[in-house]
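See structure below.
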Amino acid sequence: MRFAAMIGDITSALIHRPVTEQYPFERRETPERLRGILHWDPEKCIGCGLCAKDCPAGAIELIVLDKKAKRFVLRYHSDRCTFCAQCVFSCRQDCLSMSNVDWELAVTERSGLICHYGEKKDVEEVLAGNLTHDSV
Amino acid sequence: MEEHKTAQSFTVPIGPQHPALKEPSHFRITVDGEIVKDAYVRLGYAHRGIEKATESRTWTQNLYMLERICGICSHIHGMTYCLAVERLAQVQVSARAQAIRVLFAELERIHSHMLWFGVTAHEAGFDTLFMYSWRDRETVMDILEELSGNRVNYSANILGGVKFDVDESRVESILDGINFLEERTHYYLEVVSTDALFLQRTHEIGTMNRREAEVLGTVGPTARASGVNRDIRIEAPYAAYDQFPIQITLDDSGDLKARVLVRLRELFESYRVIRQILKNLPSGDLTVRMPRRIQQGETVLRVEAPRGELFYFIRSNGSDTPDRIKVRTPTICNMMSVIKLAVGHQLADVPMILAGIDPCFSCNDRMVMINQSNKTSHRWRWEELRQHGINYYQQRTA
Amino acid sequence: MESTIISNELRNLFSLVVFPGGCFLILLGLSYEWVDRKLLARFQNRIGPRWFQPFADIMKLLSKEEVIPDGVDRRLFIGLPIVALTGALTAGLYLPILGVKTTFSFPGDLIVTLYMLSLLTLCMGLAGANTLDRFSLIGASRTLTQLFSYESPFLLALLGPALFSNSWQISEIIAYTDGRWLMLTQPIGFLVAMIALMGKLELPPFDAPEAETEIVAGALTEYSGRGLALFRLGKGVELVIGLTLVSTLYLGGIANPLTFFLKTLALLLIIVVLQALLTRLRIDQTVGLWWRYGSLLVLLQWLILILLQGSAT
């Protein structure tokens with residue numbers, strides 16, 4: 001029965017610095033496997049659409065401009081994404097990866113949260129509202 | 001606010017908004033001075049309709065839905081679902097994947113128990129212990145972030161295996177973290193057993209003997225602290241627990257101090273199993289191919305979540321969405337013991353008794369419809385449920 | 001003659017309102033509250049608030065709307081915080097704050113100081129009983145129960161030096177002890193006074209009246225805006241006055257500002273260490289502790305004092 005069981009910790013706390021990391025001023029290095037924002041490599045994509053089918057939040061839309069010529073545009077809703085990385089594992093061609101440096105994703109306007117990935121002219125065509133293509 | 005006085009007693013509402021509760025629920029405690037005369041619980045504030053929502057999503061999507069039933073036991077929900085669906089599809093997962101699943105499960109148990117320990121210390125008013133134990137919890141969260149990429153909601157499971165491998169380079173840092181945590185756990189065990197004032201708040205409070213624990217249906221560390229010899233990892237080993245067995249941690253006293261001691265001692269078992277797994281990790285693939293449509297059938301599975309026995313029932317009708325998934329979480333079993341034990345104690349003990357069962361309210365909201373007039377069961381559609389809710393609240397405020 | 005009377009009055013008014021009473025005492029109270037919070041945070045291995053945090057808290061509270069709940073007596077609700085702060089500030093008139101010799105002392109002012117401190121606690125209890133919220137009622141009953149349990153050991157412990165110096169006037173006690181440290185000759189009384197001071201200030205382990213995890217905020221649950229700001233100012237002032245009182249009576253008086261800060265901050269350090277180490281006691285355990293050990297210890301101290309005085313004469 002003691003009265004001051006935590007005295008050891010308290011006295012050593014006076015000697016050591018506080019453990020708080022003052023976040024915006026001190027940033028720790030992120031681990032390698034951190035699941036930040038999604039990145040897509042259009043070179044390897046074959047258009048199977050498994051990523052869009054398996055996403056639990058409906059955050060991926062694969063817009064097919066021309067399946068034979070492998071022209072696809074990936075519309076990624078980062079506001080719906082739960083960062084589960086299921087799409088990364090569903091894709092058999094290794095097109096998708098989650099960044100480990102882009103994780104500070106807070107914005108003040110919602111419009112910046114929808115990303116379009118693809119070749120420049122393909123993305124421009126999609127953004128222009130050309131709706132004659134299919135999407136998955 | 002009106003006061004409710006009947007003779008000499010009045011009711012104190014704890015919740016839905018209260019600093020003692022981390023999640024909303026409502027306890028109506030009738031006190032006479034400081035002694036509790038009666039207690040009544042009303043749950044359901046965190047009900048989100050997850051079981052119904054799983055019926056319209058594919059098997060892969062449901063994994064992530066069910067993982068978010070709870071934040072602190074998310075891995076075990078995901079793991080149970082995967083084990084049950086793999087059993088239905090009759091797919092054999094590699095030994096390495098099962099071992100990694102158990103590794104994550106034990107790390108999650110450490111995370112959950114450290115969080116609970118800090119919260120209990122805070123409810124007792126011992127803020128120093130709260131701050132220090134949460135500081136040490138950061139170590140296990142860092143380990144989990146290194147392994148999986150996220151500190152909570154690790155999403156390590158995938159139907160057919162695990163997503164993340166444990167390679168040699170990470171083993172060293174995991175073992176360092178575990179050694180540090182073991183040293184600190186010894187220290188906390190000593191603090192909890194010898195600090196005179198903390199003992200005054202936990203010794204012989206909320207005492208439940210073995211018979212009462214069995215009758216009330218308590219599970220998990222709450223029951224083991226009363227001497228009930230039940231641990232699903234030992235009785236019905238799942239995943240890799242037959243290769244890496246667990247020894248049971250029991251205590252006879254059944255009071256709040258016993259519950260604290262049982263949970264802290266369980267941590268030592270977790271450390272031991274983690275070291276064993278890291279030393280003897282079996283080789284194999286990480287994932288196995290799973291069909292998109294799971295064949296028809298139904299299965300049940302029980303696992304040991306950090307709070308007790310978690311129970312899943314899954315029925316498939318051969319399509320790519322499940323027919324019915326039913327989840328029964330451990331907190332709802334332990335909740336009745338709080339109501340029964342609170343009577344006769346002081347008001348200051350009620351948050352402590354509640355914290356002693358390690359409540360996780362977001363897990364425990366389920367909807368059960370009991371139709372007693374005829375014995376048939378009735379199935380509601382989503383729109384019927386919604387309309388019922390609207391009518392109920394309109395009638396209440398009318 | 002006229003001009004000296006007027007300048008005397010002006011000087012009294014100045015020392016009452018600005019320095020060392022009134023505004024200065026309030027600022028000092030907020031600074032001591034900051035030291036308390038910062039030291040506690042450092043003991044818990046975290047950073048703690050910056051120096052202007054208590055001032056910012058009061059500024060924020062004063063700028064918010066004061067919500068008056070239904071069913072309370074409006075005049076009591078608004079008036080009790082004012083009376084509480086007034087009581088705390090009045091208690092400071094008879095003490096050598098910052099080493100400045102007080103101009104208002106009169107025979108018996110020790111008792112008045114102690115009763116003014118109790119006035120603050122009584123006001124908080126009444127404020128809780130006034131609101132009809134369940135948490136406030138339980139908090140009020142706990143505040144008053146605790147008041148009845150630590151009050152007599154506190155009073156008796158602080159009256160030990162008065163017995164020794166044969167006077168109820170603080171300035172005379174200071175003059176009689178003449179820089180001698182009564183802590184060394186009356187250690188039990190000092191110990192009881194320190195622990196009872198923690199009870200008076202409702203610091204852990206005696207913070208059952210405002211137990212955050214059981215009854216939200218106790219007696220002050222329904223207070224917001226200006227009322228809450230005044231109560232918090234009162235608590236800060238009470239901290240300074242309590243520390244000054246104990247260090248004046250037991251640590252040999254306060255001669256200049258440097259010794260004031262050194263002695264009161266040393267006592268504050270001891271209080272913060274005890275705060276960090278101990279769990280909150282339940283209200284029945286608090287009452288049991290005080291009526292069993294507190295009272296017995298202080299009565300033992302008085303017995304020793306009386307015997308020594310009797311043998312000296």
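The values are calculated or read from the model by the stated rules, or taken from the named source; none is laboratory data. Being a predicted model, the structure only gives us computed values, none of them experimental. Every residue, glycine as well, gets a Cβ built from its backbone with ideal geometry; the counts of neighbours run over all protein chains shown. Heavy atoms of the whole protein, side chains included, go into the accessibility calculation; ligands, DNA and RNA do not. Shrake-Rupley method; radii C 1.70, N 1.55, O 1.52, S 1.80 Å.
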Quiz prompt | Residue satisfying all of: in the range A:46-59; open to solvent by less than 10 Å² (accessible area, probe 1.4 Å) and part of a loop (DSSP other than H, G, I, E, B); farthest from B:Met290 (Cα to Cα) among these | solution = A:Ala59
Exercise. Kindly indicate whether C:Ile195 is open to solvent by 10 Å² or more (accessible area, probe 1.4 Å), within 14 Å of chain B (Cβ to nearest Cβ) and either within 25 Å of C:Thr248 (Cβ to Cβ) or modelled with pLDDT of 85 or more (or both).
Key: yes
Exercise. Name the single residue, out of those in the range B:44-66 being more than 18 Å from A:Lys53 (Cα to Cα) and charged (D, E, K, R), that is most open to solvent (accessible area, probe 1.4 Å).
Key: B:Arg48
Practice problem: Can you confirm whether the range B:98-105 contains a residue that is of a type outside the set (A, V, I, L, M, F, W, C) and either within 14 Å of another protein chain (Cβ to nearest Cβ) or surrounded by fewer than 22 Cβ atoms within 10 Å (Cβ to Cβ) (or both)? | Solution: no
Exercise. Would you tally the residues in the range A:1-40 being more than 11 Å from every other protein chain (Cβ to nearest Cβ) and among the β-branched types (Val, Ile, Thr)?
Key: 1
Exercise. Would you check if there is a residue in the range B:67-87 being among the aliphatic types (A, V, I, L, M), open to solvent by less than 20 Å² (accessible area, probe 1.4 Å) and either at pLDDT below 90 or not in a helix (DSSP H, G or I) (or both)?
Key: yes
Practice problem: Please determine, by comparing only the residues of the range B:10-44 that are out of contact with any Ser or Thr (no Cβ under 6 Å at 6 or more places or on another chain), outside any strand (DSSP E or B) and of a type outside the set (Gly, Ala, Ser), which one is farthest from the other protein chains (Cβ to nearest Cβ). | Solution: B:Pro24
Self-check item: Number of the condition not met by B:Val93 [criteria: (1) part of a helix (DSSP H, G or I); (2) over 22 Å from B:Leu197 (Cβ atoms); (3) hydrophobic (A, V, I, L, M, F, W, C)]
Solution: (1)
Quiz item: Identify, please: which residue in the range C:208-229 is surrounded by fewer than 24 Cβ atoms within 10 Å (Cβ to Cβ) and among the aliphatic types (A, V, I, L, M) and is, among those, nearest to the other protein chains (Cβ to nearest Cβ)?
Solution: C:Val216
Quiz item: Name the residues in the range B:256-271 that are open to solvent by 10 Å² or more (accessible area, probe 1.4 Å) and within 16 Å of B:Thr207 (Cα to Cα), would you?
Solution: B:Lys257, B:Leu261
Quiz item: Exactly one of (1) touching a residue at least 40 places away in the same chain (Cβ under 8 Å); (2) part of a loop (DSSP other than H, G, I, E, B) is unmet by B:Lys257. Its number?
Solution: (2)
Quiz item: more than 14 Å from chain B (Cβ to nearest Cβ), open to solvent by less than 30 Å² (accessible area, probe 1.4 Å) and either closer than 21 Å to C:Leu158 by Cα or charged (D, E, K, R) (or both): does that describe C:Leu268?
Solution: yes
Quiz item: With A:Val101, A:Val107 as the choices, which residue is within 30 Å of B:Leu147 (Cβ to Cβ), open to solvent by 70 Å² or more (accessible area, probe 1.4 Å) and away from every other protein chain (no Cβ under 14 Å)?
Solution: A:Val107
Quiz item: So which residues in the range C:1-48 are assigned to a helix (DSSP H, G or I), of a type in the set (Val, Ile, Thr), under 23 Å from C:Leu95 (Cβ atoms) and at pLDDT below 90?
Solution: C:Val17
Quiz item: Looking at (1) over 25 Å from C:Leu25 (Cα atoms); (2) outside any helix (DSSP H, G or I), which is the one condition that is false for C:Gly253?
Solution: (1)
Quiz prompt | the range B:88-97, residues that are touching a Ser or Thr at 6+ places or on another chain (Cβ under 8 Å), open to solvent by 30 Å² or more (accessible area, probe 1.4 Å) and more than 29 Å from B:Ile174 (Cα to Cα) | solution = none
Practice problem: Report yes if some residue within the range C:174-194 is over 30 Å from B:Val350 (Cβ atoms), without any contact (Cβ under 8 Å) to a residue 12 or more places away in the chain and among the aliphatic types (A, V, I, L, M); otherwise report no. | Solution: yes
Exercise. Could you grab me the full set of residues in the range C:151-170 that are outside any loop (DSSP other than H, G, I, E, B), among the small types (Gly, Ala, Ser) and either surrounded by fewer than 18 Cβ atoms within 10 Å (Cβ to Cβ) or more than 19 Å from the chain's Cα centre (by Cα) (or both)?
Key: C:Ser152, C:Ser165
Exercise. From the list A:Leu74, A:Leu34, A:Leu62, pick out the single residue that is crowded, with 17+ Cβ neighbours inside 10 Å and part of a loop (DSSP other than H, G, I, E, B).
Key: A:Leu34
Quiz item: Limited to the range C:121-150, what total is found for residues that are within 23 Å of C:Ile82 (Cβ to Cβ) and under 17 Å from the mean Cα position of the chain (by Cα)?
Solution: 8
Quiz item: Which of the helices (runs of 4 or more DSSP H) contained wholly in the range B:190-229 include at least 2 residues that are more than 14 Å from chain A (Cβ to nearest Cβ)?
Solution: B:210-216, B:220-224
Self-check item: Looking only at the range B:14-29, and only at residues there that are open to solvent by 30 Å² or more (accessible area, probe 1.4 Å) and closer than 24 Å to C:Asp284 by Cβ, the one that is modelled with the highest pLDDT
Solution: B:Arg28
